[in-house]
1. Largest first, how would 5, 70 line up by accessible area (1.4 Å probe)?
2. Can you send over the carbon and sulfur percentage of the accessible area for the stretch 82-141, probe radius 1.4 Å, protein chains only?
3. Measure up 70/127; 64/127; 5/127 against 20 Å on the Cα-Cα distance and list the ones that go over.
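The values are calculated or read from the model by the stated rules, or taken from the named source; none is laboratory data. What you are looking at is a predicted structure, and each value in this text was computed from that prediction instead of being measured. Note: accessible area is taken over every heavy atom of the protein model, side chains too, but ligands, DNA and RNA are not part of it. Shrake-Rupley method; radii C 1.70, N 1.55, O 1.52, S 1.80 Å.
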Amino acid sequence: MGKGKIVHDGIVREVHPDSVTVEMVCQSACAGCHAKGVCGASDEAVRFITLPPPPFELLNPGDKVYVELKSSMGLKAVWLSYVIPVAILMILILTLSSVGMQELYTGLLSIAGTGIYYLVIYLLRGKLSRQFYFSLKKKQP
């Protein structure tokens, strides 16, 4: 596949005129390990995503496809979902602790601040979903 892209294998489950539902099996980093059958750390999760259909390809249920996302979008997702919330949490903990607030209130307010961040992300999900563009490509037999 193309350079600078994150690619996952998927199987088309539903096809509608304006959308395609794809099943992806997301594997952990250790999924390729020979001991994954006896190790409790390895996991697989089945995810369903709904995407716009590719413009010039006819897809049918059961077709195998590639789901692609630009690497830069993957990094943006990591920043939005992990880095920024941890930074908010740490800044609140350090700031509230340094002003002498009790540990219980420091912890609760820090968690509340992070929760507010995730609420804002949830409320902006429509705008964010337009920024993260996935593309589908049918696998050639």
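1. On the way: 5 85, 70 130 Å².
From most exposed to least exposed: 70, 5.
2. Working: 3290 of 4620 Å².
Carbon and sulfur together cover 71 percent of it.
3. Values: 70/127 18 Å; 64/127 29 Å; 5/127 22 Å.
From 70/127; 64/127; 5/127, over 20 Å: 64/127; 5/127.
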